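Q: Dropping the structure in here first, questions after.
The values are calculated or read from the model by the stated rules, or taken from the named source; none is laboratory data. From a predicted model like this one, the values you see are computed outputs, not experimental measurements. Cβ placement follows ideal geometry from the backbone for every residue including glycine, while neighbour counts extend to all protein chains displayed.
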Amino acid sequence: MYDVIIIGKGPAGISASLYTLRANLKTLIIAKGDSSLMKAQKIENYYGFEEPISGRELLESGVKQALRLGAEIVEDEVVSIEKEDLFKVTASNGVYTAKAVLLATGQVQKKLNIVNIDKFEGKGVSYCSTCDGFFYRKLKVGVLGNKDFAAHEALELENFTDKITIYTNGMELDMTPVFSEKISKFTVNKKLIAKVDGEEFLEKIYFSDGTSEAVDGLFIANERATGSDFARKLGVITEDGFIVVDKDQKTNIEGLFAAGDCVGGFKQISVAVGEGAKAGRSIIDYVRNHKLHT
């Protein structure tokens, strides 16, 4: 068990870890894929660097700093977070528990070029199987996505229906062996989706080849899960797709914190680092108090 699990190894996540590690908290950082900062060729407005530095260099230096202080870093995709007394974080290749969790996932753009997708949000198009799966008992549903997150959502929907199709929207499946095996029981449709349509509620998916398929619900699990995806499932308050936090980076869920681009605001490295520092300090206080009760 860990004192804190940090999801994301960008400026906010690494900054927070520097504080939790120095406070002797057992800290695990889980991240998958490159941060958007990797694409920055030159950074000229970050304090302390006389000459421009690339985003890659800055990120790699931060990771080395965290490792030097004793961080454990796992390259893996988190697909689910659950909360009882402790947090259970499920990733593609393992399950981890912690007293506190920091969401520092950045803000991944998930805009889909599918006609009417926004029109049917809340009317057949959903972003949370935990929240809305109940409403589709014994009905035909689809999960849009081609990675482990989509597989996890499909497996969650089995609690409500056995009529499940995974729509990859023209992409090949890109899942770890564990999830590839688990979804073999589902129908997989790899056609490119052109639009969704219906009367008052979603009724059909139309493909670019001119064919269509009836469906009662479509759950969006495109790419990897973001902070907002985790927030929906946990009942965290969000606003315009961003996680709502207080001045100490606390969410409305005890023990769950968020920092960086996933909370919105001024998207700058310096801001993310500062929010990560505040989150780290808050996590230290929370874990030390939590020890008194566990």
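Q: Please go through the range 63-110 and give me each residue that is farther than 20 Å from residue 224 by Cα and free of Cβ contacts under 8 Å to residues at least 40 places away in the same chain, ordered by number.
A: 64, 67, 68, 84, listed by residue number.
Q: Something else about it: Taking residue 59 and the conditions (1) under 30 Å from residue 290 (Cα atoms); (2) in contact with a Lys or Arg (Cβ under 9 Å, 6 or more places away or on another chain); (3) surrounded by 14 or more Cβ atoms within 10 Å (Cβ to Cβ); (4) modelled with pLDDT of 90 or more, which numbered condition does it fall short on, given that it satisfies the others?
A: That leaves (1) as the condition not met.
Q: Which number in (1) farther than 30 Å from residue 257 by Cβ; (2) modelled with pLDDT of 90 or more marks the one condition that residue 157 misses?
A: Of (1) farther than 30 Å from residue 257 by Cβ; (2) modelled with pLDDT of 90 or more, only one is false for residue 157: (1).
Q: Is it the case that residue 60 is free of Cβ contacts under 8 Å to residues at least 24 places away in the same chain and in a loop (DSSP other than H, G, I, E, B)?
A: no
Q: Mind checking which residues of the range 92-148 are closer than 17 Å to residue 78 by Cα and among the acidic types (Asp, Glu)?
A: 148
Q: I need the full set of residues from the range 125-143 which are surrounded by 24 or more Cβ atoms within 10 Å (Cβ to Cβ) and at pLDDT 95 or above, in order please.
A: Those that are surrounded by 24 or more Cβ atoms within 10 Å (Cβ to Cβ) and at pLDDT 95 or above: 141, 142, 143.
Q: How many of the residues making up the range 254-266 are touching a helix residue (DSSP H, G or I) at 6+ places or on another chain (Cβ under 9 Å) and surrounded by fewer than 17 Cβ atoms within 10 Å (Cβ to Cβ)?
A: Adding up the residues that qualify gives 2.
Q: Within the range 63-90, count every residue that is surrounded by fewer than 17 Cβ atoms within 10 Å (Cβ to Cβ) and part of a helix (DSSP H, G or I).
A: Number of matching residues: 4.
Q: Residues that are hydroxyl-bearing (Ser, Thr, Tyr), under 17 Å from the mean Cα position of the chain (by Cα) and surrounded by 13 or more Cβ atoms within 10 Å (Cβ to Cβ): does the range 156-172 have at least one?
A: Checked against the condition, which is being hydroxyl-bearing (Ser, Thr, Tyr), under 17 Å from the mean Cα position of the chain (by Cα) and surrounded by 13 or more Cβ atoms within 10 Å (Cβ to Cβ), the range 156-172 yields no hits at all.
Q: Of the residues in the range 13-52, how many are at pLDDT below 95, under 18 Å from the mean Cα position of the chain (by Cα) and outside any strand (DSSP E or B)?
A: 6
Q: Can you confirm whether residue 26 is of a type in the set (Lys, Arg), under 23 Å from residue 146 (Cα atoms) and either in contact with a Leu (Cβ under 9 Å, 6 or more places away or on another chain) or not assigned by TED's automatic domain parsing to the domain that holds residue 154 (or both)?
A: No, not satisfied.
Q: Just to check your reading of the model, which residue among 283, 269 is in contact with a strand residue (DSSP E or B) (Cβ under 8 Å, 6 or more places away or on another chain), surrounded by 24 or more Cβ atoms within 10 Å (Cβ to Cβ) and β-branched (Val, Ile, Thr)?
A: 283
Q: Inspect the range 197-209 for any residue being outside the structural domain of residue 277 (by TED's automatic domain parsing), in a loop (DSSP other than H, G, I, E, B), among the β-branched types (Val, Ile, Thr) and surrounded by 20 or more Cβ atoms within 10 Å (Cβ to Cβ) and give the result as yes or no.
A: no
Q: Taking the range 63-85, which residues are modelled with pLDDT under 95 and farther than 27 Å from residue 174 by Cβ?
A: 83, 84, 85
This table checks each residue for (1) outside any loop (DSSP other than H, G, I, E, B); (2) in the same structural domain as residue 103 (by TED's automatic domain parsing); (3) modelled with pLDDT of 95 or more.
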{"site": "213", "(1), (2), (3)": "yes, no, yes"}
{"site": "257", "(1), (2), (3)": "yes, yes, yes"}
{"site": "266", "(1), (2), (3)": "no, yes, no"}
{"site": "277", "(1), (2), (3)": "yes, yes, yes"}
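Q: Applying the selection to the range 236-255, what residues are assigned to a loop (DSSP other than H, G, I, E, B) and at pLDDT below 90?
A: 240, 241
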